[in-house]
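Undergrad: Here it is, the structure, as structure tokens.
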Amino acid sequence: MTDIKGIIIVDKPREFTSFDVVAVMRGLLRTKKVGHGGTLDPMATGVLPVFVGGATKAVDILPDSDKGYRAGFELGYTSDTLDIWGELAGSGTAEVSREALERALEKFRGDIMQVPPMYSALKVNGQKLCDLARKGISVERKPRPVRISRLDCTEFDGRKGVIEVDCSSGTYIRSLIDDIGAELGTGAVMTSLVRTRACGFDLSRSTPLEAFKSMGYEELCGKILPVESVFSALSRVELDEVQKRLYLNGVRLDADRLLSRPPADEPCAVYGGEFLGVAMVTGGELVSVKRFS
């Protein structure tokens, strides 16, 4: 297996799970250590950051966990899966004005509580909700706080439309659309979903999975971004050679002796001629959160 490390941004195709994409990239990159930065439903497409080698350590400390989506919806239906691919109920004939839709959308901007859908990978008592749902079992799900920082309707004809959403990690766009339909009194289902942004990367930085399959190994490796690219928004700390050696050995460093002192209690990117890791100043000391070198 090859010793490669970094992030490759895949435009996930429809009818592939996130784990399907990981399996494909594991084979193409000739390495077992591959993970992804945020599950996408099989019928969704769009940005799926794939972490390779030592970069997989970054997945649980990503500074930008917000996501962006573009979703189609249709009024007049409800569904057990909350999307068009489930068992539909309703006539599909409901129509509302643009003004009524905008009034409904306003109620879902900002900090809201959202009930996760039954058809999801969340676990209850060790069992995935989707596995229970397929058996016809429904269990109570507690509402969870999520943040909708942007919710705009970009297309609407009175019955069908498109929304663009920026939201916190863990937000279900299917549930959001279902809740909007309930607010309107018409019902609504999701008809398409594209993730436009994840881990700070947008669609313009992604490459379709099929294109990766047609690349030679060297060209494919050339698409790998350095792991520090996901930490570019953090404060940067430079260490001298002595500090670098101590840091890599797990020693806490006196923050007052650093060339530049980052804000306290906030993650920062640590460099010493190269990217070394992520740390935080706590109690006057630079403490390693995770090392990548």
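Undergrad: Considering only residues that are part of a loop (DSSP other than H, G, I, E, B) and touching a residue at least 60 places away in the same chain (Cβ under 8 Å), look in segment 118-162 and name the one that is farthest from Ala100 (Cα to Cα).
TA: Applying the filter and picking the extreme gives Ala121.
Undergrad: Suppose we filter segment 34-57 for residues that are part of a loop (DSSP other than H, G, I, E, B) and either modelled with pLDDT of 95 or more or β-branched (Val, Ile, Thr) (or both); how many remain?
TA: Of segment 34-57, the ones part of a loop (DSSP other than H, G, I, E, B) are 37-44.
Going one step further and asking which of them are either modelled with pLDDT of 95 or more or β-branched (Val, Ile, Thr) (or both), we end up with 39, 44.
Counting residues in segment 34-57 that are part of a loop (DSSP other than H, G, I, E, B) and either modelled with pLDDT of 95 or more or β-branched (Val, Ile, Thr) (or both) gives 2.
Undergrad: For segment 12-33, give me each residue that is in contact with a helix residue (DSSP H, G or I) (Cβ under 7 Å, 6 or more places away or on another chain), outside any loop (DSSP other than H, G, I, E, B) and not hydrophobic (A, V, I, L, M, F, W, C).
TA: Lys12
Undergrad: Now for a separate question. Only one of Arg195, Arg174 is of a type outside the set (A, V, I, L, M, F, W, C), closer than 13 Å to Ala44 by Cα and assigned to a helix (DSSP H, G or I). Can you tell me which? Outline the logic, then answer.
TA: Details: Arg195 fails: assigned to a helix (DSSP H, G or I).
Step by step, each of Arg195, Arg174 is checked, and only Arg174 is of a type outside the set (A, V, I, L, M, F, W, C), closer than 13 Å to Ala44 by Cα and assigned to a helix (DSSP H, G or I).
Undergrad: Kindly indicate which of Arg98, Arg30, Arg14 is touching a residue at least 12 places away in the same chain (Cβ under 8 Å), basic (Lys, Arg), at positive phi and not assigned by TED's automatic domain parsing to the domain that holds Gly277.
TA: Working: Arg98 fails: at positive phi; Arg14 fails: at positive phi.
Going through Arg98, Arg30, Arg14 in turn, the sole match is Arg30.
Undergrad: Is there a residue in segment 38-58 that is outside the structural domain of Ile177 (by TED's automatic domain parsing), charged (D, E, K, R) and either touching a Leu at 6+ places or on another chain (Cβ under 7 Å) or buried (at least 22 other Cβ atoms within 10 Å of the Cβ) (or both)? If you could, list the steps in order and put the result at the bottom.
TA: Start the filter on segment 38-58 by keeping residues that are outside the structural domain of Ile177 (by TED's automatic domain parsing), which leaves 38-58.
Retained after the next criterion (residues that are charged (D, E, K, R)): 41, 57.
Add one more test, that the residue is either touching a Leu at 6+ places or on another chain (Cβ under 7 Å) or buried (at least 22 other Cβ atoms within 10 Å of the Cβ) (or both), and what stays is 41.
Checked segment 38-58: at least one residue is outside the structural domain of Ile177 (by TED's automatic domain parsing), charged (D, E, K, R) and either touching a Leu at 6+ places or on another chain (Cβ under 7 Å) or buried (at least 22 other Cβ atoms within 10 Å of the Cβ) (or both).
Undergrad: Just one of the numbered conditions (1) under 22 Å from Ser169 (Cβ atoms); (2) touching a strand residue (DSSP E or B) at 6+ places or on another chain (Cβ under 7 Å); (3) modelled with pLDDT of 95 or more is not true of Thr154; which one?
TA: Here Thr154 meets the rest and fails (1).
Undergrad: Can you tell me which residues in segment 272-293 are of a type outside the set (Lys, Arg) and either touching a residue at least 40 places away in the same chain (Cβ under 8 Å) or touching a Phe, Trp or Tyr at 6+ places or on another chain (Cβ under 8 Å) (or both)? First the steps, then the outcome.
TA: First, pick out the residues of segment 272-293 that are of a type outside the set (Lys, Arg): 272-289, 292-293.
Correct list: Gly272, Phe275, Leu276, Gly277, Val278, Ala279, Leu286, Ser288, Val289, Phe292, Ser293.
Undergrad: Identify the residue in segment 222-240 that is surrounded by 15 or more Cβ atoms within 10 Å (Cβ to Cβ) and out of contact with any strand residue (DSSP E or B) (no Cβ under 6 Å at 6 or more places or on another chain) and, among all such residues, is farthest from Val59 (Cα to Cα).
TA: Leu239
So that you can scan it fast, the table gives a plain yes or no per residue for (1) within 16 Å of the chain's Cα centre (by Cα); (2) farther than 16 Å from Leu209 by Cα:
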site: Arg14; (1), (2): no, no
site: Val24; (1), (2): no, no
site: Leu28; (1), (2): no, no
site: Thr31; (1), (2): no, yes
site: Gly38; (1), (2): yes, yes
site: Met43; (1), (2): yes, no
site: Gly76; (1), (2): no, yes
site: Leu88; (1), (2): no, yes
site: Met113; (1), (2): no, yes
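Undergrad: Give the residue, chosen from Ala104, Ala71, that is assigned to a helix (DSSP H, G or I), at negative phi and touching a residue at least 12 places away in the same chain (Cβ under 8 Å). Quick ask: steps written out before the conclusion?
TA: Values: Ala71 fails: assigned to a helix (DSSP H, G or I).
Criteria check complete, one pass: Ala104.
Undergrad: While we're on this one: Quick one: Ile180 ticks every box in (1) buried (at least 20 other Cβ atoms within 10 Å of the Cβ); (2) under 20 Å from the mean Cα position of the chain (by Cα); (3) among the β-branched types (Val, Ile, Thr) bar one, so which box is it?
TA: All conditions are met except number (2).
The values are calculated or read from the model by the stated rules, or taken from the named source; none is laboratory data. Nothing here was measured: the structure is a model prediction, and the numbers come from that model. For neighbour counting, all protein chains shown are included, and Cβ atoms are generated from backbone atoms with ideal geometry for every residue, glycine included.
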